[in-house]
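Below: one structure, written as structure tokens.
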Amino acid sequence: MPSPSHAYRPMSEAPLTVQQLAELHVHLEGTIRRETAVTLSAHNGLPEPPPYEYSDLAGFLAVYGEVSRCMVTSQDFERVIFEHGEVMASQHITYAEISFNPSLHAADGWIDGVVRGRASVAREFGIEISWLVELVRGGSTSSNERALNIALSTEGVVGVGLVGDESISAAPLSGLVERARAAGLGFMPHAGQVGGPEVVREAVELLGATRVAHGVGAEPDAEVLRLLVDRGVCLCVCPSSNARIGLKPNFRKFADRGIPLVVNTDDPAMVPTNLQRELRVAETVHGLDRRALTEAAWRHRFGRPSNERRRNVVIS
């Protein structure tokens, strides 16, 4: 990774610089704009999805499931990906690892839209998307096998994720995780969002995670916090998403112990939020260091951007 002190200088020598950002924890289904969800649902003969109103995790998941169904065709996926590309461009994001959940989408024809959408965002905005494909706790064997097969065969995939009810052990999925790892894919499970320290411990000790989505449930357990420190596990945290469902983690406690943190939007259209806002919240509300957060995102990504973009560029 290039040193941040050696900024890329394009042909223009304009003095104004802007930091390029990476994001590692965002769900494709959670980027769907409300107006797009309404349009796609009507086009696909589905009921209008509910408004993005919720106050707890159960309420969020009810909305999320309904909205996810509006993406049916490859064109639907391509549109949603391109629209999020517009948002990323406005936020100076140049690299993003975005998750999607095959269990929410029937058949496989839509996968072409994932590939085309990624290419269109790279072409139009110069933004590189890498994909994480989500396994599901408690999901059927066939559904999770399908997700892994999609991960192993789809262009641009750099890892697998894990979502679902954290009260269900992820141990039955360890074989699929190992197959993904053997193929060179990273692994980022959701653990400790609403589950306790034992869920985070399982993700790290049993499943070998080096990057965890949320992980804040580890906060009250000194042994699990030490485990995260000793193994250098990065937590991909989402301040506004947590607050929206009533969670108030002490992010500074993790940072003070030396646990790497990366700030993310999670489900930006639904929260709603954007990455610049999350960085401001992290800095001004939680007392976190913006530079440490942005550097950690580049350091803990699974993929390597094709042109290894430097993180500070000059703009005109």
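Table for the structure above
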quantity: Helices (runs of 4 or more DSSP H) enclosed by the stretch 57-130 - at least 2 residues per element that are closer than 21 Å to residue 22 by Cα and out of contact with any Cys (no Cβ under 6 Å at 6 or more places or on another chain); calculated: 74-90, 111-125
quantity: Near pairs, Cβ below 6 angstrom, 6+ apart or cross-chain, from the stretch 185-208 (touching a residue at least 60 places away in the same chain (Cβ under 8 Å)) to any residue that is aromatic (Phe, Trp, Tyr) and part of a loop (DSSP other than H, G, I, E, B); calculated: 186/302
quantity: Elements of type strands (runs of 3 or more DSSP E) contained in the stretch 147-228, each with 3 or more residues being over 30 Å from residue 120 (Cα atoms) and within 18 Å of the chain's Cα centre (by Cα); calculated: none
quantity: Count of the stretch 38-53 residues which are surrounded by 18 or more Cβ atoms within 10 Å (Cβ to Cβ) and over 20 Å from the mean Cα position of the chain (by Cα); calculated: 3
quantity: Residue list for the stretch 211-236, restricted to those being without any contact (Cβ under 8 Å) to a residue 60 or more places away in the chain and among the aliphatic types (A, V, I, L, M); calculated: 212, 216, 218, 222, 224, 225, 227, 228, 229, 233, 235
quantity: First in the stretch 80-98 and within 21 Å of residue 155 (Cα to Cα), second anywhere and among the β-branched types (Val, Ile, Thr) and assigned to a strand (DSSP E or B), Cβ under 6 Å, 6 or more apart; calculated: 96/129; 98/26; 98/129
quantity: Matching residues, the stretch 275-306, being among the polar types (S, T, N, Q) and not in a helix (DSSP H, G or I); calculated: 306
quantity: Residue selected from the stretch 53-89 under the condition of a type in the set (Ser, Thr, Tyr) and in contact with a helix residue (DSSP H, G or I) (Cβ under 6 Å, 6 or more places away or on another chain), by the criterion farthest from residue 265 (Cα to Cα); calculated: 74
quantity: Filter pass, residue 223 being surrounded by 22 or more Cβ atoms within 10 Å (Cβ to Cβ) and either among the acidic types (Asp, Glu) or more than 20 Å from residue 300 (Cβ to Cβ) (or both); calculated: no
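One line per residue, one yes/no per condition, for (1) touching a strand residue (DSSP E or B) at 6+ places or on another chain (Cβ under 7 Å); (2) at pLDDT 95 or above; (3) surrounded by 21 or more Cβ atoms within 10 Å (Cβ to Cβ):
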position: 186; (1), (2), (3): yes, yes, yes
position: 198; (1), (2), (3): no, yes, no
position: 236; (1), (2), (3): yes, yes, yes
position: 244; (1), (2), (3): no, yes, yes
position: 250; (1), (2), (3): no, yes, no
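The values are calculated or read from the model by the stated rules, or taken from the named source; none is laboratory data. Remember, it's a predicted structure, so these values are computed and weren't measured experimentally. Glycine also receives a Cβ, built like all others from the backbone with ideal geometry; neighbour counts cover every protein chain displayed.
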